[in-house]
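Shown next, in structure tokens, is the structure this report addresses.
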Amino acid sequence: SVSDPLIGPQVSIVICTAFILAWSPYAVVSVCSASGLLVPDLTSIFTRLFAKSASFYNPLIYFGLSS
């Protein structure tokens, strides 16, 4: 339920973990690209789309953990 005192820390941990999992591939591809390594176009596109999908699943996490 919403009054559960552990729901806040649980939501925070899940949101932070999801953020790191979503943005890490993009960060790695960006660093590789900035270092001069050739990154395939599809890899670059998919990592960008996956990273930006975080704004979509954050509300789903809030809703799923609060109900």
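The values are calculated or read from the model by the stated rules, or taken from the named source; none is laboratory data. Because the structure is predicted, anything quoted here is derived from the model rather than measured. Heads up, the Cβs are rebuilt from the backbone with ideal geometry, glycines too, and the neighbour counts pull from every protein chain shown. For accessibility, only protein heavy atoms count, side chains too; no ligands or nucleic acids. Shrake-Rupley method; radii C 1.70, N 1.55, O 1.52, S 1.80 Å.
The residue that is modelled with the lowest pLDDT, counting only those in the range 56-67 that are open to solvent by 90 Å² or more (accessible area, probe 1.4 Å) and in a helix (DSSP H, G or I), is Y62. Filtered by the rule that a residue be under 16 Å from the mean Cα position of the chain (by Cα) and open to solvent by 70 Å² or more (accessible area, probe 1.4 Å), the range 18-35 gives F19, I20, L21, W23, Y26, V28.
Determine whether T17 is among the β-branched types (V, I, T), in a helix (DSSP H, G or I) and touching a Pro at 6+ places or on another chain (Cβ under 9 Å). Here the answer is no, as T17 does not meet what is asked.
What are the residues in the range 1-14 that are open to solvent by 80 Å² or more (accessible area, probe 1.4 Å) and either without any contact (Cβ under 8 Å) to a residue 60 or more places away in the chain or in a helix (DSSP H, G or I) (or both), if any?
So the first thing to find is which residues in the range 1-14 are open to solvent by 80 Å² or more (accessible area, probe 1.4 Å), and the list is 1-3, 5-6, 10, 13.
Answer for the range 1-14, where residues must be open to solvent by 80 Å² or more (accessible area, probe 1.4 Å) and either without any contact (Cβ under 8 Å) to a residue 60 or more places away in the chain or in a helix (DSSP H, G or I) (or both): S1, S3, P5, L6, Q10, I13.
All conditions in (1) assigned to a helix (DSSP H, G or I); (2) open to solvent by 70 Å² or more (accessible area, probe 1.4 Å); (3) free of Cβ contacts under 8 Å to residues at least 24 places away in the same chain hold for L38, with the sole exception of (1). Looking at (1) under 14 Å from the mean Cα position of the chain (by Cα); (2) surrounded by 13 or more Cβ atoms within 10 Å (Cβ to Cβ), which one does S53 not meet, given that it meets all the others? If we test S53 against (1) under 14 Å from the mean Cα position of the chain (by Cα); (2) surrounded by 13 or more Cβ atoms within 10 Å (Cβ to Cβ), just (2) comes out false.
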